[in-house]
1. May I ask you to say which residue of L92, L77, L85, L59 is surrounded by fewer than 21 Cβ atoms within 10 Å (Cβ to Cβ), over 16 Å from V143 (Cα atoms) and of a type in the set (A, V, I, L, M, F, W, C)?
2. So which residues in region 115-139 are closer than 17 Å to L76 by Cβ, at pLDDT below 90 and either surrounded by 12 or more Cβ atoms within 10 Å (Cβ to Cβ) or touching a Ser or Thr at 6+ places or on another chain (Cβ under 6 Å) (or both), if there are any at all?
3. Within region 60-72, does at least one residue satisfy the condition of being assigned to a loop (DSSP other than H, G, I, E, B) and in contact with a Lys or Arg (Cβ under 9 Å, 6 or more places away or on another chain)?
4. Find the residue count for region 1-58, including only residues that are closer than 30 Å to N70 by Cα and among the small types (G, A, S).
5. Can you tell me how many residues within region 54-94 are touching a Phe, Trp or Tyr at 6+ places or on another chain (Cβ under 8 Å) and among the aromatic types (F, W, Y)?
6. Just one of A31, A23 is open to solvent by less than 60 Å² (accessible area, probe 1.4 Å) and more than 29 Å from the chain's Cα centre (by Cα); which is it?
7. Being more than 21 Å from E43 (Cα to Cα) and β-branched (V, I, T) is the filter here, so list the residues in region 53-106 that pass it.
8. Could you please give the count of residues in region 95-114 that are among the small types (G, A, S), within 23 Å of R75 (Cβ to Cβ) and exposed (fewer than 13 other Cβ atoms within 10 Å of the Cβ)?
Amino acid sequence: MRDQHRPKQDLINEVVALRKQVADLREAMIARRRVEEALRQSEEQLRALIDAAPVGLCLFRPNGTPVAANRPFARLLGYDSTSELLRMADTLGVFGSREEQARVVTLVERGLERVAGVVFRRKDGSRQAFGVIGCVSAEPPAVVLVVLERQPQPWRSAPLAALSPAWTAGSRTG
């Protein structure tokens with residue numbers, strides 16, 4: 001044993017230093033857990049916000065490949081989940097054709113924010129046109145599209161008298 005010939009005070013100092021290192025590591029571990037929990041909670045809130053949006057949201061690479069999407073976008077195109085949409089989109093794409101994809105990306109990159117009649121390919125293979133609002137993100141380089149529903153909501157086309165009195169008074173409780 002190499003520590004047999006060391007002075008007792010050196011061994012005590014080494015044990016004290018090791019205990020300090022262990023205490024510092026525990027503090028660092030607790031701080032890291034707090035940061036991880038805060039990050040997890042923040043991600044959950046962001047996902048809830050995005051998935052609760054009343055419109056489809058999708059982030060595309062400049063070549064038109066989707067990177068991320070919300071549930072309403074997946075549902076508009078007939079998919080059960082965003083992960084299914086993204087898996088299928090890698091192979092089949094989400095636009096009606098490569099030309100449509102290039103047209104939309106080009107128009108948005110040129111600064112045209114609103115594009116009507118953008119044709120998307122649905123899960124069942126059919127094509128459907130939607131209105132979109134788009135913009136270009138510099139970092140990371142991407143195109144963001146807000147996809148609006150093609151059909152108006154039933155309550156928007158209902159006559160005012162058909163709505164509940166609480167709604168017409170400006171309250172959504174009735």
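1. Working: L77 fails: surrounded by fewer than 21 Cβ atoms within 10 Å (Cβ to Cβ); L85 fails: surrounded by fewer than 21 Cβ atoms within 10 Å (Cβ to Cβ); L59 fails: over 16 Å from V143 (Cα atoms).
The conditions single out L92.
2. Across region 115-139, the qualifying residue is only V115.
3. So the first thing to find is which residues in region 60-72 are assigned to a loop (DSSP other than H, G, I, E, B), and the list is 61-65, 70.
Checking the rest, the ones that are also in contact with a Lys or Arg (Cβ under 9 Å, 6 or more places away or on another chain) come to 64, 70.
Yes, that holds for at least one residue.
4. Within region 1-58, the subset closer than 30 Å to N70 by Cα is 32-58.
Cutting the leftovers down to among the small types (G, A, S) gives us 38, 42, 48, 52-53, 56.
Residues flagged as closer than 30 Å to N70 by Cα and among the small types (G, A, S) within region 1-58 amount to 6.
5. Residues flagged as touching a Phe, Trp or Tyr at 6+ places or on another chain (Cβ under 8 Å) and among the aromatic types (F, W, Y) within region 54-94 amount to 0.
6. A23
7. T65, T91, V94, V104, V105, T106
8. Our first condition is that a residue be among the small types (G, A, S); within region 95-114, this holds for 96-97, 102, 111.
Adding the requirement that they be within 23 Å of R75 (Cβ to Cβ) leaves 96-97.
This time we only want the ones that are exposed (fewer than 13 other Cβ atoms within 10 Å of the Cβ), so: 97.
Qualifying residue count, region 95-114: 1.
The values are calculated or read from the model by the stated rules, or taken from the named source; none is laboratory data. Since this is a predicted model, take the numbers as computed values, not measurements. Here Cβ is always computed from backbone atoms with ideal geometry, including for glycine, and neighbour counts include all displayed protein chains. Only protein heavy atoms, including side chains, enter the accessible area calculation; ligands, DNA and RNA are left aside. Shrake-Rupley method; radii C 1.70, N 1.55, O 1.52, S 1.80 Å.
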